[in-house]
Amino acid sequence: MKQSEFKKRRKQLMQRVGKGNIALIGSAAERVRNRDVHYPYRQDSDFYYLTGFNEPEALAVFIPGREQGEYILFCREYDETKALWEGAHAGLEGAVKHYEADDSFPIDDLDEILPGLLENKGKVFYPMGRDPELDHSLLEWINHLRGQSRRGVSAPGELVTLEHILHEMRLFKSPAELKLMRRAAEVSAHAHARAMQVCKPGMHEYQIEAELLYQFYQGGLRHVAYPSIVAGGKNACVLHYTENKDVLHKGDLLLIDAGAECDHYAADITRTFPVSGRFSEPQKQLYQLVLDAQSSALEQVKPGLPWNAAHDAAVETITQGLVELGILKGKVKKLIKDEKYKPFFMHRIGHWLGMDVHDVGDYKVDQEWRLLEPGMVLTVEPGLYIPADYDKVEEKWRGIGIRIEDDILVTANGYECLTAAVPKSIEEIEALMQAV
């Protein structure tokens, strides 16, 4: 992504912070996996959104109207030995040259420099409670300034959570962001289709996961957006199953929930298909019901409609279908009111999608479901899950878990399905699997 995109975001943020105030945000810390080995580094989404800077031990400072420069980046100084062992890093010069900071200072000098930047500021915007070390340091800096009141120095009088501003910004995707999300969706869609083609009884779930990862890498995307769910048979009834170790059996369904990440932007796709290439009749009936529920939900995705309308539509379709199949008994409206569908469909219809797979942004505004607007991206993912030991239904339904999930962009006239390339009708799936 071009630096001009990050610059535009910083300008928008500082307009909302306002002159006379200051905003701070720190980078993600490195995490130890074991002993002296670290997990692969993933930058904090909020920090990256504003800076594009992908290193730990950094703090970004935004001071609207500051004559010497509004954007300051504290980071590690360039270290030739570190570069030899671990690779290139920006250093102070790189922070200015490549990441367009107005000024940069060593992160080790934070305690000496930052109190001066806080002087006479009214409010401090920062991610409250997210970084205990920053919380502690900020209070120390403010208390230090309070002790200098006799020489005319004032300390900030108000701490404000930065997320309220920043997450509302992140909720609406720019063309540059959508380009990355489309690429993540494209590569992920290809991986899901390939998984359908290679799947055979007797394979292990982890072998299918390996195929997904291979396709992500081949598409140039080296990071998953979240741990892949590859759940055969009854494992699909565990919503966040990630063990991915069991054998796939003929006659079972396989649920895959997996997506790649493209430059910090996520795809999130779920498909469910028969291990042996053909659905049984009970599987067909439940699968078609979930697919119908998704279609009902998608009809409610358009500007001006409330977020929850899609969920309500899916619940109604699923409850009606469960009654028709004899799994539920009673009046549909009463069953919905009493939430009798919840043993089988216990989660919401979806979530915001972006830099985080469960992306930021409020779902309600003033206690009312917020209205959809162009530029929002969400998932639509109805499901049905009937545990193998659920003896309140006929045996033919037991041990079946189905979810269908797509990534949806709200447009001016309705929606665009970013993941439409993955087959999802019964006919499309069976045709693809039989063609191998």
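The values are calculated or read from the model by the stated rules, or taken from the named source; none is laboratory data. Treat the numbers as computed from the prediction; the structure is a model and nothing was measured. Cβ placement follows ideal geometry from the backbone for every residue including glycine, while neighbour counts extend to all protein chains displayed. Surface accessibility is based on the protein's heavy atoms, side chains included, excluding ligands, DNA and RNA. Shrake-Rupley method; radii C 1.70, N 1.55, O 1.52, S 1.80 Å.
Here are a few things to note about the model shown:
- Farthest toward the positive end of the dipole of the chain, out of 125, 265, 353, is the Cα of 353, where the dipole comes from beta carbon charges about the Cα centre.
- Computed 3J(HN,Hα) for segment 34-47, one whole-Hz value per residue from the Karplus formula 6.51 cos²θ - 1.76 cosθ + 1.60 where θ = phi - 60°, is 6, 6, 10, 10, 9, 5, x, 6, 10, 5, 4, 4, 5, 4, glycine and proline marked x.
- Taking 16 Å as the straight-line reach from the Cα of residue 200, the aspartates and glutamates in range (excluding those fewer than 8 positions away in the same chain) are 209, 211, 246, 252, 430.
- In this rough spin-label picture, where each label sits 7 Å from Cα along the Cβ direction, the residue 38-residue 130 distance is 1.9 nm.
- For segment 134-155 and segment 248-262, distance of Cα centres in Å: 54 Å
- Residues with amide H under 5 Å from that of residue 204, placed H, sequence gap 5 or more: 248
- Summary value for the chain: 13 percent relative contact order, contacts being C-alpha pairs under 8 angstrom separated by 6+ residues.
- For residue 302, a cut-off of 15 angstrom between C-alpha atoms picks up these aspartates and glutamates, skipping any fewer than 8 places away in its own chain: 312, 373, 407, 416.
- Heavy-atom surface of segment 197-331, accessible at 1.4 Å and reported per residue (Å²): 41 Å²
- Across segment 148-164, rounded Karplus estimates of 3J(HN,Hα) from the backbone phi angles (6.51 cos²θ - 1.76 cosθ + 1.60, θ = phi - 60°) give 10, 4, 5, 9, x, 8, 10, 9, x, x, 8, 9, 10, 5, 6, 4, 4 Hz, Gly and Pro being marked x.
- The apolar share of the surface of segment 218-326, taken as the fraction of accessible area on carbon and sulfur atoms (1.4 Å probe, ligands and nucleic acids excluded), comes to 46 percent.
- The charge dipole of segment 62-185, taken about its Cα centre with unit charges on the Cβ atoms of Lys, Arg (+1), Asp and Glu (-1) only, comes to about 660 debye.
- Per-residue ³J(HN,Hα) for segment 280-297, Karplus 6.51 cos²θ - 1.76 cosθ + 1.60, θ = phi - 60°, Hz, x for Gly and Pro: 6, 4, x, 4, 4, 5, 6, 4, 5, 5, 5, 5, 5, 5, 5, 4, 4, 5
- Candidate lysines for bridging to residue 333, where Cα separation is under 24 Å - those fewer than 8 sequence places away on the same chain excluded: 342, 392
- Taking Cα centre as origin and charging only the Cβ of basic (Lys, Arg, +1) and acidic (Asp, Glu, -1) residues, the dipole magnitude of segment 1-134 rounds to 920 debye.
- Estimated from the Cβ-Cβ distance and a Förster radius of 35 angstrom, the FRET efficiency linking residue 431 and residue 373 is about 0.40.
- Close amide-amide hydrogen proximity is noted between residue 125 and 22, 23, 24, 160, each under 5 Å apart and 5 or more residues distant or on a separate chain (H modeled in the peptide plane; Pro and chain starts excluded).
- With the charge dipole of the chain set up from +1 on Lys and Arg Cβ and -1 on Asp and Glu Cβ about the Cα centre, the Cα lying farthest toward the positive end among the listed residues 37, 74, 229 is that of 229.
- Pairs exceeding a 27 Å alpha-carbon distance, out of 337/364; 284/340; 121/173: 121/173.
- Two-decimal log10 I(q)/I(0) for segment 151-270, as the Debye equation yields it once each C-alpha is a single scatterer, q = 0.10 Å⁻¹: -0.42
- Residues whose amide H lies under 5 Å from that of residue 353, counting only those 5 or more places away or on a different chain, are 359, 377, 378, 379; hydrogens are built 1.01 Å from N in the peptide plane.
- Placing +1 on each Lys and Arg Cβ and -1 on each Asp and Glu Cβ, with no other charges, gives segment 146-277 a dipole about its Cα centre of roughly 400 debye.
- Here residue 242 sits with roughly 70 square angstrom of accessible surface, probe radius 1.4 Å.
- GNM top mover of 352, 307, 369 - the chain, alpha-carbon springs below 10 Å: 369
- Hydrodynamic radius (Kirkwood) for segment 4-147, which is based on Cα pairs only, to one decimal in Å: 16.0 Å
- Estimated FRET transfer efficiency when R0 is 56 angstrom, pair residue 161-residue 197 (beta carbons, to 0.05): 0.75
- Size descriptors for segment 226-304: radius of gyration and Dmax over Cα atoms are 14.8, 46 Å.
- Net charge over other residues, Cβ less than 10 angstrom from the Cβ of residue 283 (K, R count +1; D, E count -1): +1
- Projected label distance in nm at residue 346 and residue 86, using a 7 Å step from Cα toward the beta-carbon: 4.2 nm
- Taking label positions 7 Å along the Cα-Cβ direction at both residue 97 and residue 16, the computed distance is 3.3 nm, reported to one decimal.
- GluC sites (Glu not before Pro) restricted to DSSP loop in segment 48-138 with at most 10 other C-beta within 10 Å: 67
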